[in-house]
Amino acid sequence: MKKFIVQILSNALAIYLAAWLIQGFDFTGGWLTLILTGFVLGMINFFIRPILKFISFPLIILSLGLFTIVINMILLGIAGWLIPELTISGIWPLFWGVVVISIVNLFFSFGAKK
């Protein structure tokens, strides 16, 4: 349960940082909506990501894992489609948003293991 809460909060912080750093990646909601967006992104990653990774396994192998970036972009795009306060205008803001969110989640995943 602790790991799940850390994941939601790190997603929320990552979305906030991405909106602050990246032009074209906008979040207009408040803190409660930000936490809800972190929860939605976590649920999308939990339910849809394994299916997409299974389906695209040959592409992941052929690209030496780089196709997972495309999968993450699709999942973040779904979150942007579900949450009206999250607006991602273009492929490059989507890409850089995935990079920022991945780095923040990587940082918090090391802290949650202790």
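The values are calculated or read from the model by the stated rules, or taken from the named source; none is laboratory data. Values in this document were obtained by computation on a predicted structure and should not be read as measured data. With ideal geometry, Cβ positions are generated from the backbone for all residues, glycine too; neighbour counts draw on all protein chains shown.
Would you say L41 is closer than 20 Å to F110 by Cβ and either assigned to a helix (DSSP H, G or I) or modelled with pLDDT of 95 or more (or both)?
The answer is yes for L41.
In this structure, is T68 assigned to a helix (DSSP H, G or I), within 13 Å of I15 (Cα to Cα) and either at pLDDT below 95 or among the hydroxyl-bearing types (S, T, Y) (or both)?
In short, no.
Based on this model, can you work out whether T28 counts as β-branched (V, I, T), more than 19 Å from V70 (Cα to Cα) and surrounded by 18 or more Cβ atoms within 10 Å (Cβ to Cβ)?
Criteria not met by T28.
Report, by residue number, each residue of the stretch 45-55 that is surrounded by fewer than 17 Cβ atoms within 10 Å (Cβ to Cβ) and in contact with a helix residue (DSSP H, G or I) (Cβ under 8 Å, 6 or more places away or on another chain).
Within the stretch 45-55, I48, R49, K53 meet the criteria.
Got a sec? Which of S63, S89 is out of contact with any Leu (no Cβ under 6 Å at 6 or more places or on another chain), free of Cβ contacts under 8 Å to residues at least 24 places away in the same chain and among the small types (G, A, S)?
Only one candidate passes the filter, namely S63.
Considering the stretch 62-81 alone, what residues qualify as being touching a helix residue (DSSP H, G or I) at 6+ places or on another chain (Cβ under 9 Å) and hydrophobic (A, V, I, L, M, F, W, C)?
If the condition is that a residue be touching a helix residue (DSSP H, G or I) at 6+ places or on another chain (Cβ under 9 Å) and hydrophobic (A, V, I, L, M, F, W, C), then L66, F67, I69, V70, I71, M73, I74, L75, L76, I78, A79 are the ones that fit.
Which residues, taken from the stretch 1-25, are surrounded by 17 or more Cβ atoms within 10 Å (Cβ to Cβ), free of Cβ contacts under 8 Å to residues at least 40 places away in the same chain and more than 19 Å from I88 (Cα to Cα)?
I8 - this is the single residue of the stretch 1-25 that is surrounded by 17 or more Cβ atoms within 10 Å (Cβ to Cβ), free of Cβ contacts under 8 Å to residues at least 40 places away in the same chain and more than 19 Å from I88 (Cα to Cα).
May I ask you to verify whether I60 is surrounded by 14 or more Cβ atoms within 10 Å (Cβ to Cβ), farther than 21 Å from F27 by Cβ and among the aliphatic types (A, V, I, L, M)?
Spelling it out, I60 is indeed surrounded by 14 or more Cβ atoms within 10 Å (Cβ to Cβ), farther than 21 Å from F27 by Cβ and among the aliphatic types (A, V, I, L, M).
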